[in-house]
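What follows is one structure encoded as structure tokens, with my remarks underneath.
The values are calculated or read from the model by the stated rules, or taken from the named source; none is laboratory data. What you see is a predicted model; the values in this text were computed from it and never measured. Cβ sites come from the backbone with ideal geometry, for glycine too, and all protein chains shown count toward neighbours. Protein only, heavy atoms only, side chains kept; ligands, DNA and RNA dropped before computing areas. Shrake-Rupley method; radii C 1.70, N 1.55, O 1.52, S 1.80 Å.
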Amino acid sequence: MQKNVHIIGAGISGLSAGVRLANANYRVHVHEATQQAGGRCRSYFDAATNLTIDNGNHLLLSGNRHALAYAKSIGTEAGLVGPKLAQFPFVDIVTGQRWQLDLGDGKLPLWVFDEARRVPDTKLLDYLALMPLAWAGTGKLVGDTIPCKGTLYDRLVQPLLLAALNVDPPEGSAGLAGAIVRETLLAGGQACRPLIARDGLSAVLVEPAIKLLQDKGASIQFGHELREFAIAGNAVGELKFGSDAIALGSDDAVVLAVPPRPAAALLPGLKTPSKFRAIVNAHFRFDPPKDAPPILGVVGGLVEWLFAFPQRLSVTISNGDRLVDMPREELALAIWRDVCKAASLPGEPPLPPWQIVRERRATFEATPEQNALRPGAVTSFKNLFLAGDWTDTGLPATIEGSIRSGDRAADLVLARSKA
Ligand SMILES: Cc1cc2nc3c(=O)[nH]c(=O)nc-3n(C[C@H](O)[C@H](O)[C@H](O)COP(=O)(O)OP(=O)(O)OC[C@H]3O[C@@H](n4cnc5c(N)ncnc54)[C@H](O)[C@@H]3O)c2cc1C
């Protein structure tokens, strides 16, 4: 007899838990509040640009092993594409200087010993000063652990940690930053190849998971928001969805894979992160120049990363709370000016069709204080497990962290059924 598992929330963490459990012969029931799967990692048709865009440009690295294993399990590993080598071109739009960081393809960060592959005007000693990050505790600040000024900081450490933590790096958790550094930079170029879902987040990471689940007999219900748990002793007895309710059998399990706010509302007393930071993305319908790199690091302006897609130039700005209330037209124009400089567009072409996506609660604040509020996957109810990028994954809020949390919740469900 197949056992039932109810997955609440069809974001990446819920989907990864669902896929793992469907592959282990569970009967999976996915309940998603909105009309679309993918949560904070999704694509949609945008009328302003007449293109299908992602809510945000998402970058993975080849060292994100849970994310790659998930993509493989849904048959879309080949949909994550990037340059063959871990090379990161950068431009400083104030000075016009361009350089490329070349991390090679080994398993050790040997590139730091080669002046030609390092960030220009940096020395080996600057890199060695970053080592304390690798073993820093989560309670420590980045700003108290490594030097947060100087050329290496401005040109590499700040852009990298800002993208990973989504807070100004000095105020971020050194432990979370250290986890990223250990799993990518310190693991050599082999773990640092940038990967993008070139055909869109939904086509590569979301829809194939839904299809796999459906092929395995799962039910997927959209517009099915969980409103309440009815508790029976030390277990969840019933799921209440507003217009309907589902009673759980003794072998049934639930994976709650919703963001922290709904999780805290559903489970009073649950400790969760309570502060969040925005990410701003801008999309311009504009054919990228032929020699445009797929990803360009930009320093000295508003824009932080410039992505070149077919027919589209897209921009990511992290820690974007300062921009959420800025008039949209003004913001689009300011970003476009930076794009013209970064992509060397001759004559600053007029603003093309554009879209701005401001995700106000893109990630929890990756500070020591907020990190301390992340719960593990186990709850006080024996058939209920938590997943989500905000649970205690040891990583900042990332796809890798989400999938790790989904895998962990699924493994706990499986372990329970074996007990
Ligand atoms: C703009 C932006 C850029 C990003 N860039 C990157 C990047 O470059 N690299 C990277 O690794 N990560 C990036 N991230 C982070 C990444 O998107 C998230 O970590 C990940 O998508 C979180 O997935 P999740 O499943 O944990 O949560 P969510 O995606 O929030 O999914 C939760 C789901 O639960 C549903 N839900 C909520 N309440 C209920 C309820 N009561 N009942 C049923 N369903 C409910 C929601 O509708 C949602 O679908 C970015 C995020 C944003 C917003």
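What residue, of 417, 380, is open to solvent by 20 Å² or more (accessible area, probe 1.4 Å), under 20 Å from residue 24 (Cα atoms) and hydroxyl-bearing (Ser, Thr, Tyr)?
Working: 380 fails: under 20 Å from residue 24 (Cα atoms).
Of 417, 380, the one residue that is open to solvent by 20 Å² or more (accessible area, probe 1.4 Å), under 20 Å from residue 24 (Cα atoms) and hydroxyl-bearing (Ser, Thr, Tyr) is 417.
Here 162, 176, 186, 152 are screened, and the one residue that is surrounded by 20 or more Cβ atoms within 10 Å (Cβ to Cβ) and in contact (Cβ under 8 Å) with a residue 60 or more places away in the chain is 176.
Scanning the range 226-245 for residues that are within 16 Å of the ligand (Cβ to nearest atom) and surrounded by fewer than 17 Cβ atoms within 10 Å (Cβ to Cβ) gives 227, 228, 230, 238, 240, 242, 243, 244, 245.
Does residue 65 meet the test of being surrounded by fewer than 21 Cβ atoms within 10 Å (Cβ to Cβ) and near the ligand (Cβ under 9 Å from one of its atoms)? Against the criterion (surrounded by fewer than 21 Cβ atoms within 10 Å (Cβ to Cβ) and near the ligand (Cβ under 9 Å from one of its atoms)), residue 65 does not qualify.
Can you spot a residue in the range 295-310 that is part of a helix (DSSP H, G or I), over 29 Å from residue 387 (Cα atoms), more than 12 Å from the ligand (Cβ to nearest atom) and open to solvent by less than 20 Å² (accessible area, probe 1.4 Å)?
In the first step, residues of the range 295-310 are kept if they are part of a helix (DSSP H, G or I); the result is none.
Checked against the condition, which is being part of a helix (DSSP H, G or I), over 29 Å from residue 387 (Cα atoms), more than 12 Å from the ligand (Cβ to nearest atom) and open to solvent by less than 20 Å² (accessible area, probe 1.4 Å), the range 295-310 yields no hits at all.
Summed over the range 315-364, the residues that are open to solvent by less than 70 Å² (accessible area, probe 1.4 Å), more than 19 Å from residue 53 (Cα to Cα) and touching an Asp or Glu at 6+ places or on another chain (Cβ under 8 Å) give a count of 4. Does residue 78 count as of a type in the set (Gly, Ala, Ser) and either in contact with a Phe, Trp or Tyr (Cβ under 9 Å, 6 or more places away or on another chain) or buried (at least 18 other Cβ atoms within 10 Å of the Cβ) (or both)? Considered against the rule, which asks whether it is of a type in the set (Gly, Ala, Ser) and either in contact with a Phe, Trp or Tyr (Cβ under 9 Å, 6 or more places away or on another chain) or buried (at least 18 other Cβ atoms within 10 Å of the Cβ) (or both), residue 78 comes out as no.
If the condition is being closer than 13 Å to residue 192 by Cα and among the hydrophobic types (A, V, I, L, M, F, W, C), then the range 53-67 contributes 59, 60, 61.
State all residues of the range 209-251 that are closer than 29 Å to residue 74 by Cβ, among the small types (Gly, Ala, Ser) and in a loop (DSSP other than H, G, I, E, B); if no residue qualifies, say none. Within the range 209-251, 217, 218, 223, 249 qualify.
Quick check, is residue 37 within 11 Å of the ligand (Cβ to nearest atom) and modelled with pLDDT of 95 or more? Criteria met by residue 37.
Step by step: first the residues of the range 37-52, then only those that are open to solvent by 70 Å² or more (accessible area, probe 1.4 Å) and touching a strand residue (DSSP E or B) at 6+ places or on another chain (Cβ under 8 Å), then the one that is farthest from residue 17 (Cα to Cα). Which residue is that? Applying the filter and picking the extreme gives 50.
Answer yes or no: is there a residue in the range 259-268 that is of a type in the set (A, V, I, L, M, F, W, C) and either free of Cβ contacts under 8 Å to residues at least 24 places away in the same chain or surrounded by fewer than 16 Cβ atoms within 10 Å (Cβ to Cβ) (or both). Give the steps one after another, and end with the answer.
Quick first cut of the range 259-268, residues of a type in the set (A, V, I, L, M, F, W, C) only: 263-267.
Filter once more, so that each one left must be either free of Cβ contacts under 8 Å to residues at least 24 places away in the same chain or surrounded by fewer than 16 Cβ atoms within 10 Å (Cβ to Cβ) (or both): 264-265.
Yes, there is a match, as at least one residue in the range 259-268 is of a type in the set (A, V, I, L, M, F, W, C) and either free of Cβ contacts under 8 Å to residues at least 24 places away in the same chain or surrounded by fewer than 16 Cβ atoms within 10 Å (Cβ to Cβ) (or both).
Here is the figure for the range 124-137: residues that are outside any helix (DSSP H, G or I) and surrounded by 19 or more Cβ atoms within 10 Å (Cβ to Cβ) total 2. The sole residue among 59, 15 that is aliphatic (A, V, I, L, M), open to solvent by 60 Å² or more (accessible area, probe 1.4 Å) and within 12 Å of the ligand (Cβ to nearest atom) is 59.
Of all residues in the range 18-34, those that are closer than 15 Å to residue 254 by Cβ, of a type in the set (Val, Ile, Thr) and more than 10 Å from the ligand (Cβ to nearest atom) total 1.
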